[in-house]
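No value in this document is a laboratory result; all are computed from the given coordinates. Small disclaimer: the values here were computed from a predicted structure and weren't measured. We place every Cβ from the backbone using ideal geometry, glycine too, and count neighbours over all the protein chains shown.
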């Protein structure tokens, strides 16, 4: 089985001998409305594997992101290959086949997948077989559906993992890990990192806005106020095409984040742009070259694929943002805020490499510096900055609500007041959570229960000869600690 993905620009390359021309291939793709990123699974004779390809097209028409389609495609391809080795396929698969596949993935392969990975795969396979039932391809799903738990088994779904940083931890990550400073805040002459101002600005933006990595890493300069913002003004920008599930929301960018961005834009970005000018010039035909920016409507106009096009920025997906450039006196320049060696948007893998390099640097310094804040066993993720933003905002709003209720007479608030001032609802809107239940999970992290444990036993711990058994006996009222 061979897996391919639709890519229109590749159709413009020289065609194979005796095959259709690139223009003919592209015309077919347009006529069939097959979007870029659509997975195509082919058998040994290079024929589409059905009904898998039809399901991929169904997902593409449902506007799933190309990254999601790619993930689904590899999951389904593994199952199709496994079933083929057993002389079966998705239309004739039995529960025994699927149980054997689950065991192969979670127990028998060289590196078995964990429960979280299997749950994601099981959800995809359940969606596939549910679609086959809806289309009348099979009578019922070939596995039992439990009253509780997920189809195809697996451990119960775990609660969302919320990791957050303290202020010392965040500063250590930003300045030592990403910025290349020493723990004493002095310049490290041995630092051999690249673009530290870019990296510090990125984590500052992520923390102070609560945006996800795909949201802040794909921002365009006009969205952050280039051409219209005064230096002392914050920015409100609309997120949609780059947001999770394309759920539209407004993100607030405070002045503190913009000031750190300005340092990067002034000191590092011009050199990155200069180095990549020749590379972008060679790729001009593949880029969206902008020649008109309408700040009032938030629209960009330019040339893409030889045609005049116009896009609203909030509706531009990450793939389009990555190839968006403008003409300057020095040549083509990416319109994205964060650019890399090639002059275009840094991808997720590049940011992860930067993050892990920063983590290794923090660990090296932590060995020799006793003042290093406590580091967790696993590296920080960019998403942990979003959790930190949510918790800090929720704490602040809770304090405001308590103070507000203390100053006002008792009584139930009106519905508009509840919606406008309820901390959970405010944070839900700011974070873009689909349900208040997701925001509610953060409440249990507002206070660290381990701090109460430390405080409760602080006096007892001062007695060096006190054993744990003595402390336990004292707590139960059976005696006094000695």
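Observations on the model:
- Calculated [θ] (222 nm, deg cm²/dmol) that DSSP helices of n ≥ 4 give over the chain, each run adding -39,500 (n - 2.57): -13500 deg cm²/dmol
- Kirkwood-type radius of the stretch 253-372, with distances r between different C-alpha atoms, in Å: 16.4
- Each peptide in 87-93, 107-113 gets a packing score, the mean of other Cβ atoms within 10 Å over its residues, and the list from highest to lowest is 87-93, 107-113.
- Relative contact order of the chain, pairs being alpha-carbon contacts under 8 Å that are 6 or more residues apart, as %: 11
- Calculated on alpha-carbon atoms, Rg and Dmax of the stretch 74-119 in Å: 10.5, 29
- Calculated on the alpha-carbon coordinates, the convex hull of the stretch 167-350 measures out at 131 cubic angstrom per residue.
- Among [x] 85, 50, 49; [y] 91, 66, 58; [z] 139, 43, 38, the entry derived from the coordinates for Cα extents along the principal axes in Å: [y]
- Evaluated on the stretch 2-134, the Kirkwood hydrodynamic radius is 16.3 Å, with distances taken between all distinct Cα atoms.
- The modelled label-to-label distance between residue 58 and residue 127, using points 7 Å beyond Cα along the C-beta direction, is 1.2 nm.
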